[in-house]
Amino acid sequence: MSGQKPSLRTGSPQSRFQVDVVTEGSSAAPAPAPGSTDGSRPPEESKGRFRVVGFMDPGALGSAMDIGLPPDVSHEPDTAKSDSVSLHSTGTGHTHISDSHSNTYYMRTFGHNTIDAVPNIDFYRQTAAPLGEKLTRPSLSELHDELDKVTINSLEGLANGEEPSAAEEAAALAAKEAKGGTIKFGWVKGVLVSIRCMLNIWGVMLFIRMSWIVGQAGIGLTIAIILMATVVTTITGLSTSAIATNGFVRGGGAYYLISRSLGPEFGGSIGLIFAFANAVAVAMYVVGFAETVVEMLNDVDALMTDELNDIRIVGTLTVILLLGISVAGMEWEAKAQIVLLVILLGAIANYFIGTFMPAESKEPKGFFGYHTAILFENFGPDFREDETFFSVFAIFFPAATGILAGANISGDLTDPQSAIPKGTLLAILITGLTYVAVAFSTGSCIVRDATGDHNDTISDTVNCTDAACTLGYDFSICKEGGCQYGLMNDFQVMSLVSGFGPLITAGIFSATLSSALASLVSAPKVFQALCKDNIYPGLGVFAKGYGKNNEPLRGYVLTFCIGLAFILIAELNIIAPIISNFFLASYALINFSVFHASMANSPGELPFSNSEKEEVLCLFIQWMLSSRFNCMPQCLVLAGYPNSRPALLHLVHSFTKNVSLMVCGHIRTVTRRPNFKELFQDHARCQRWLNKKRIKAFYAPVLADNLRHGTQLLLQAVGLGRLKPNTLVMGFKNNWSDGDMRDVEIYINTIHDAFDLQFGVVILRLPDGLDISHIQGQGTSAFLLSRSVCLRPVFTVSVRFLQTKTKSPLSLTDQRLLESSQQFKKKQGKGTIDVWWLFDDGGLTLLIPYLLTNRSKWGDCRIRVFIGGKINRIDHDRRAMATLLSRFRIDFSDINVLGDINTKPKKHNKLSFKELIEPYRLKEDDMEQEAAERLKAQEPWRITDNELELYKAKTNRQIRLNELLKEHSGTAKLIVMSMPLARKGTVSSALYMCWLETLSKDLPPLLLVRGNHQSVLTFYS
């Protein structure tokens, strides 16, 4: 069947122009019609969705009473059996729409007797659907393509660079877990307790540098440093939570969040920095551990060489040991983290207990217990050795960077959407309070300088006024340098304060090793996720995972090498500021992604309003440190000259301004070689007009034979990269019945072309029309006066040359048209935007009114949603739609479930439709076969008798919908409605145009919308 078009039947007793459509449910295909080539088709080609069989089998459908429909509900086959629907599981965890009338239950619901699916919450769900099945809407190709081209393709693999859907990933995950393979962590073990955040934040700085920071900055500025870092991390945590709760978070954590918000190309650059920062953090924590070990060796005079080289030796051995633990797998790493946490909590408690246990033997080393004199003396700063507030902040800030430790292993979390917000925010709160408490306690108990000599007690001849003097000691000699104790000199002073010194040492080991282990695990996973996107050539080798948990062993080796290189620096105060810059840049980008979503009015996002302030704060701090070191509709609008159809431009601009792309397409036809100089001048003039009117759009003219060819050029050529239209917007062809039907054929085929290229289509109809170019001083005449370019008018522009200087009076019709053309430019008063979301197109029908109501002009309007529903389940369907809208965070004023859409329309309206189509019918049964086929070939837009019978139910639906629109939405400010689809090669242009005409006539401004069936709205659960 592939490659063949539906042919005209010659031997059917029903009609010589019957299109054969089939279902999967048939057991076998009948013999091919005489003269057909189907008999040579191999059996394999019949595996697609459609096969050639007889249709219109009344027995297969039953009666209206059989399926519980009320007597007044029409029960006629809709389009064909191919347009009926049933749901069945394929056994792969997905449910597909198939074509079968075997299950009459779905005939009770509008939309379920057609392949065109009604809105369903599971179409937008980005995790596994209930019972492990994922419902998928039919694609645009399945609904629109010619029957012999429609097949169901099994998903045997993924395209290059394409990632599986969340549902597919969840299904695969469930299969793995059923085999007992994958190990996952909850929010307590995975994010909070198992150090992903708390242990990483309680890292090297807590025990080794916190006292030194208090000595340099004083208690006041230290608390300010902690609060500043906490503000940065808290709002970053909120941003992370906003994206995590609004998106399926796979492995790669922070990189995944950024790349899926701003795109892999943008996220890739920051992801690389983030992975590198985590690798360098390994070195910082290991160096902190090595410092403590070397200090202990120095106390017993057991240095191997000198302090600096001993730090390098101990650090190298330590990172090798940590690499072995990490390679052993996540479960071993998690068990190690839990043991380290217990030790760390004990050490922190031991320190605070020790502050209340001063001993005389510790006084010469600067620890006196809580004294107000020490508190007042240490409250202010005392920067030494060229340190400043921001240099000290740079050294402290890596202590706060553990907030993303949980997000970095998101792929190993059972429920990252829940785990990341809970664990991260609680960890920030607990650790922030801990750091403030440590800063206050050390600044209140320990003096800045001490000699450690018991003989340095105060004498009568010594005149000193510092805190030590009031406590009986004279440490004034320390002003000359050389003292080894006190806040400024002893990095291990917390061991001195504690009740049991060795436990503090164990706590230091726990804090440093656990943080190093967390960073050693995080960096490879972030880098692995980055490499899977194939952003940087040559790095794909690091994307490979090993074992049941897909461990990035190659990434571990790379992280080890980077960490080892920085370990050889062996200076903690040099490594820390480098990390601060990397992490501040990462946090700024995370907050920017949420800020961008908030400014773009993206539905479904959590727009934390402080994200932009947070981003500025991150960039400001980074600049200060560096001074020391350094799913939217993008519319192609067929408007002709920009001021020819102002209402069309103003409405589209209302929902694209500042959030997406708008291009004004202009198809111009020429009868001879055009004057390109004048065309370029026109282009500049039109773009200036758009700029003057503050319409953010590009003007794109093209020369072509007709509307269809010109639109084909625009659809394929306009745009660059992601800045490319995905939605075609055009005006309704008001005067179609008065013109040449060949223009209607071109108009309808233009819509078909857009669908073929996977564009959404939006058609605007106003009661008085759109085109004002024929009115003097408007449209074309405003741009072209006394032109010699020979242009032939087409749909997108009506060219007239007006050379008169005096304006003739406008007719009443033109006056109404001019007023109507400006209606979307002014502020809309209180009213409603009625959304008739009858068929699921990916959400574009719902997204456009949402974007409109976020504009000040439409801010007073409220959204009312109308859907088709089951006759006996109106309340259930209303609640289901309310649930879906709440998941999108879209405000609505009312939901109306229409259970009477399939009721037969009124007789006089059916008669009006019959009169409308009469001039365009082929009436093949009233003429010879050869004459009928010849006429059909010459005028393909004509409607066959078989076509009318085949689509009788669909025709009645358009008539009935127009009745319901007048009844429910006659006073709406704007109606946004699902546009009916017509299968190409099966529905004639005249019939499709009559459907659109019947559906949209005598109504307020109406937008007919059909997306490309790719979800523009999503939610995650």
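The values are calculated or read from the model by the stated rules, or taken from the named source; none is laboratory data. These numbers come from a predicted model, not from an experiment. All Cβ positions, glycine included, derive from the backbone under ideal geometry; neighbour counts span all protein chains shown. Calculation scope for accessible area: heavy atoms of the full protein, side chains included, ligands and nucleic acids excluded. Shrake-Rupley method; radii C 1.70, N 1.55, O 1.52, S 1.80 Å.
Can you list residues whose amide H is under 5 Å from T669's amide H, if they're 5+ apart or on another chain and H is modeled 1.01 Å from N?
Close amide H contacts, sequence-distant or interchain: A704, R792.
Once the piece of chain linking K923 and I871 is laid out straight, how much longer is it, given 0.36 nm per residue of separation minus the C-alpha distance between them?
Working: separation 52, 0.36 × 52 = 18.72 nm, distance 3.75 nm.
15.0 nm is the gain from fully extending K923 to I871.
Using a 1.4 Å probe, how large is the accessible area of H1013, given in Å² and rounded to the nearest 10?
Accessible surface of H1013 is approximately 10 Å².
Just grab the label-to-label distance for K693 and L429, each label 7 Å out from Cα along the Cβ direction, in nm (one decimal).
5.4 nm
How large is ³J(HN,Hα), in whole Hz, for each residue of segment 754-759 in order, when computed from phi with the Karplus curve 6.51 cos²θ - 1.76 cosθ + 1.60 and θ = phi - 60°, using x for Gly and Pro?
For segment 754-759, the Karplus-derived couplings read 4, 5, 4, 8, 6, 8 Hz, x marking Gly and Pro.
For V436 and F376, FRET efficiency with R0 = 25 Å and r from the beta-carbon atoms, rounded to 0.05? If you can, show how the numbers build up before the last one.
On the way: r = 18 Å, r/R0 = 0.73.
After rounding, the FRET efficiency stands at 0.85.
I need the phi-derived Karplus couplings for segment 700-712: 6.51 cos²θ - 1.76 cosθ + 1.60, θ = phi - 60°, integer Hz, Gly and Pro marked x.
10, x, 8, 9, 7, 6, 7, 4, 5, 5, x, 5, 4
Distance cut-off 27 Å, Cα to Cα: go down the list K692/K733; K693/K827; K952/K973; K657/K827; K826/K966; K724/K973 and report the pairs above it. Mind dumping the intermediate values first?
Details: K692/K733 29 Å; K693/K827 16 Å; K952/K973 32 Å; K657/K827 15 Å; K826/K966 25 Å; K724/K973 30 Å.
Exceeds cut-off: K692/K733; K952/K973; K724/K973.
Between K966 and L935, what is 0.36 nm times their sequence separation minus the Cα-Cα distance? Round to one decimal in nm.
Details: separation 31, 0.36 × 31 = 11.16 nm, distance 3.77 nm.
Working it through step by step, the gained length comes to 7.4 nm.
Against the globular-protein guess of 2.2 N^0.38 Å, express the Cα radius of gyration of segment 831-1020 as a ratio, rounded to two decimals. Don't skip to the answer; put the middle values down first.
Numbers: Rg = 19.0 Å, N = 190, 2.2 N^0.38 = 16.2 Å.
Scaled against compact globular proteins, the figure is 1.18.
Taking H placed 1.01 Å from N in the peptide plane, check which residues at least 5 places from Y546 or on another chain put their amide H under 5 Å from its amide H.
E551, L553
Rg over Rh of segment 534-598, using C-alpha atoms and the Kirkwood radius, what does it come to?
Values: Rg = 16.2 Å, Rh = 14.9 Å.
With Rh from the inverse mean 1/r over Cα pairs, Rg/Rh is 1.09.
I want to verify the translational diffusion coefficient of segment 668-785 in µm²/s; compute it with Stokes-Einstein, Rh as the Kirkwood radius over Cα pairs, at 4 °C and 1.567 mPa s.
Values: Rh = 16.2 Å.
My calculation gives 80 µm²/s for D.
Can you figure out the FRET efficiency of L303 with R722, using R₀ = 60 Å and their beta-carbon distance, to the nearest 0.05? Walk me through the intermediate numbers first.
Numbers: r = 59 Å, r/R0 = 0.98.
Efficiency for this residue pair is about 0.55.
What's the ranking of 421-434, 357-370 by average number of surrounding C-beta atoms within 10 Å, highest first?
Working: 421-434: 20.5, 357-370: 17.9.
Taking the mean over residues of other Cβ atoms within 10 Å, the ranking is 421-434, 357-370.
Placing one identical point scatterer on every Cα of segment 829-944 and ignoring solvent, what is log10 I(q)/I(0) from the Debye formula at q = 0.10, 0.22 Å⁻¹?
Those come out to -0.55, -1.15, one per q.
Does anything in segment 914-954 have its amide N under 19 Å from the 7 Å Cα→Cβ label point of H908, and if so which residues?
Only 914-917 pass the distance filter.
Please turn the phi angles of segment 218-224 into ³J(HN,Hα) values with the Karplus equation 6.51 cos²θ - 1.76 cosθ + 1.60 (θ = phi - 60°), one per residue in order, whole Hz, x for glycine and proline.
Ordered by residue, 3J(HN,Hα) equals x, 4, x, 6, 5, 5, 4 Hz.
Length gain on complete extension for the stretch V659 to D900, per 0.36 nm per residue less the alpha carbon to alpha carbon distance?
83.0 nm
Pull up all non-local amide H partners of V835: gap of 5 or more, or a different chain, and H-to-H distance under 5 Å with H placed in the peptide plane.
R864, V865, F866, V976
Based on the mean of other beta carbon atoms within 10 Å per residue, what is the order of 843-849, 955-961, most packed first?
843-849, 955-961
What FRET efficiency comes out for the pair R889/V670, r = Cβ-Cβ distance, R0 = 56 Å, nearest 0.05?
Details: r = 50 Å, r/R0 = 0.89.
The calculated FRET efficiency here is 0.65.
Return, ordered by residue number, the residues of segment 637-666 whose backbone nitrogen is under 15 Å from a label point located 7 Å along Cα→Cβ of H683.
664-666
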